[in-house]
1. If B:Q82 satisfies every condition in (1) in a helix (DSSP H, G or I); (2) at pLDDT below 90 but one, which is the exception?
2. With the structure loaded, tell me whether A:R198 is surrounded by fewer than 22 Cβ atoms within 10 Å (Cβ to Cβ), free of Cβ contacts under 8 Å to residues at least 12 places away in the same chain, within 14 Å of chain B (Cβ to nearest Cβ) and out of contact with any Gly (no Cβ under 7 Å at 6 or more places or on another chain) or whether it fails that test.
3. Only residues in the range A:143-170 that are not assigned by TED's automatic domain parsing to the domain that holds A:N78 count as the first member; pair them with residues that are open to solvent by 20 Å² or more (accessible area, probe 1.4 Å) and part of a helix (DSSP H, G or I), Cβ under 8 angstrom, at least 6 apart or cross-chain, and list the lot.
4. I'm trying to understand the selection: among the residues of the range B:41-55, which are within 19 Å of A:A173 (Cβ to Cβ) and within 13 Å of ligand 1 (Cβ to nearest atom)?
5. Scanning the range B:38-55 for residues that are away from chain A (no Cβ under 14 Å) and not in a loop (DSSP other than H, G, I, E, B), which turns out nearest to ligand 2 (Cβ to nearest atom)?
6. Exactly one condition in (1) on the phi < 0 side of the Ramachandran plot; (2) within 16 Å of ligand 2 (Cβ to nearest atom) is not met by B:A71; state its number.
7. Pick out the one residue from B:G165, B:G262, B:G245, B:G235 that is among the small types (G, A, S), away from ligand 2 (no atom under 16 Å from the Cβ) and in a loop (DSSP other than H, G, I, E, B).
8. Is it the case that the range B:267-282 has a residue that's open to solvent by 50 Å² or more (accessible area, probe 1.4 Å), touching a strand residue (DSSP E or B) at 6+ places or on another chain (Cβ under 7 Å) and under 30 Å from B:S19 (Cα atoms)?
Amino acid sequence: MAAASHRRATEDPLWAKVLVIGTVMAFLALVLILPLAAVFAEALRKGLDAALLAINNADALAAVKLTLITAAIAVPFNAAFGLCASWAIAKHDFKGKPLLITLIDLPFSVSPVVAGLIYVLIFGLQGWFGDYLVDNDIKIIFAVPGIVLATVFVTFPFVARELIPLMQEQGTAEEEAAVSMGASGLTTFWRVTAPNVRWGLMYGVLLCNARAMGEFGAVSVVSGHIRGLTNTMPLHVEILYNEYDFVGAFAVAALLCLLAVVTLVLKTALEIVQPGVRGRGGH
Amino acid sequence: MTISIRSVDKQFGRYPALSKVDLEIADGELLALLGPSGSGKTTLLRTIAGLEFPDAGQVLFDGEDVTFASAADRRVGFVFQQYALFKHMTVAKNIAFGLDVRKGKDKPSKAEIAQRVEDLLKLVELDGLGKRYPSQLSGGQRQRVALSRALAVQPSVLLLDEPFGALDATVRKSLRKELRRVHDATGVTTIFVTHDQEEALELADRVAILNKGSIEQIGTPDQVHDQPETAFVCGFVGEANCFEGQVGGGEFKAGALRLPAGGVRDGSATAYVRPHDFVLDDGGFAVRVDRAHVQGALTTVNATAADGRPIEISASRAEAPRFQGTVKIAARKAHVYAA
Ligand SMILES: Nc1ncnc2c1ncn2[C@@H]1O[C@H](COP(=O)(O)OP(=O)(O)OP(=O)(O)O)[C@@H](O)[C@H]1O
Ligand SMILES: [Mg+2]
């Protein structure tokens, strides 16, 4: 009796809780933990040395390097763009705002493969600028710039989506206070708006980074799969796998997983430090 | 600094938030903008600050047209209803902000800024709290920080939007005195918004009463209370019993109530009688006393007239025993307005 009276009104009976939580846990284990464990198990099947050897060769290292370079360009770019876009959308009124919001969401709704094809269509040999690019000896498709472009496109919305609701919720009162004290628009942005969203910004950057390193579809279309030159890590995994080099494929995959795990750990740490930043971006 | 507002109009969509507002504020004056919710008080204050721009009309500071000057150029201090303190800065940084963002030779040295922050904290009795963050302060303390932050830039006008709105009654009272003291110490022209008439009447040199985007009356607290120019002001400022009735031949009639109504045109009209203007009078009309309770020095009486109308009477404490059963009362003063 006493125990029952302590139950909160919204609390379900014990058997229901066990059932629901158990189901979720089992499902997570099946579709998330098991495959992840399999990746590491496969990578280490012939021992740690074999796995390390698979990573420590020119092609694999080039793939790692390209992935890091791509992320190093795409993430800061999208962070800057996301900050500007969310500032414009959340703190200002202008014509065409709904259109801008829709455009930001576009990469989420377009298949990454289609995104890649768009760039081939524009910059490819038969594309709109094909002749001009050939004449001037500029390579975009089947080269690093194309990979960066495709990654930027796909990871475009993460930061903006994270910041828009945050900034809208914060309103414009602090900005108005700053302006009424004589601060210019830029000063207000750097000293008031940006610090107020810094945790949300970091969260968005982490999500953006995770996707930038893991993107396969769009990059696959524009890359051309040239070993040691235009292979990112996900592409390299696929090539090795198709060549029946399972240890190599899983070793690189495991490395990619580790990068993702580091990102997730950072993200979780952020959530613990700053409970307010939990993902609100709609996707 | 004097402020002139000349037939200012402001619309949001198709809804007029301000229409033909005229207001002159003298140098060093403390003016209250009083009105019900949605009457346009905030909009008018923001227009003066340059946070909102009028559709028509002019705003002049010392005779100079600033209608479309940016807020940053107007040198106004603005205290927001929800304070709008910078959450990520300490109290001291908040107060220093306006000086810190100045450029070139206008910018005071670090030591000067620190001194000024120190002085302001002392002015609002917050010494020693400079290192705290806004989230570590009580509501009243946040209010004081907001006030000193607005004063830091030595504004020529201080604007406050419902400065005490979010505080409890005791803190409100003490902060009211504080605002008066700060105003008298700095001599800065001050406009504050409130929907609390007691606050407006107690604190302000003059009160402007807004209703549906227009100014109904501007005057000293005594004037708006004792000589209300419109029915709205009479009903809004101070307690009043309201009667709907007819005027005929210079007399207002509503049930058994008769009131002198010289100068009011015949027809339906509204009369207001303050509770303290009803007095016991054998020649008056009968009311049944429902309840008489003593509050401090006063007796508040709830009574009902013969036709069922509720009537509130305010009398001295000594008169309390006389309000029993059925008594006869008369109005020694009334305000009658043609409908
Ligand atoms: N940004 C806005 N967009 C649309 N309508 C607005 C806006 N700001 C104010 N209004 C409208 O203008 C009218 C006046 O608003 P205002 O905020 O000036 O009222 P107020 O007297 O300050 O009321 P309160 O005491 O509730 O703060 C209201 O009807 C309000 O709905
Ligand atoms: Mg308001």
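1. (1)
2. yes
3. Sorted first by the residue in the range A:143-170, then by its partner, the list stays empty.
4. B:K41, B:T42, B:T43, B:L44, B:L45, B:R46, B:T47, B:I48, B:A49, B:L51, B:E52, B:F53
5. B:K41
6. Every condition holds for B:A71 apart from (2).
7. B:G262
8. Yes: one or more hits.
The values are calculated or read from the model by the stated rules, or taken from the named source; none is laboratory data. This structure is a prediction, so every number in the text was calculated from the model and none was measured. Cβ atoms come from the backbone with ideal geometry, glycine included; neighbour counts cover every protein chain shown. Just so you know, the surface numbers come from the protein's heavy atoms only, side chains and all, with ligands and any DNA or RNA stripped out. Shrake-Rupley method; radii C 1.70, N 1.55, O 1.52, S 1.80 Å.
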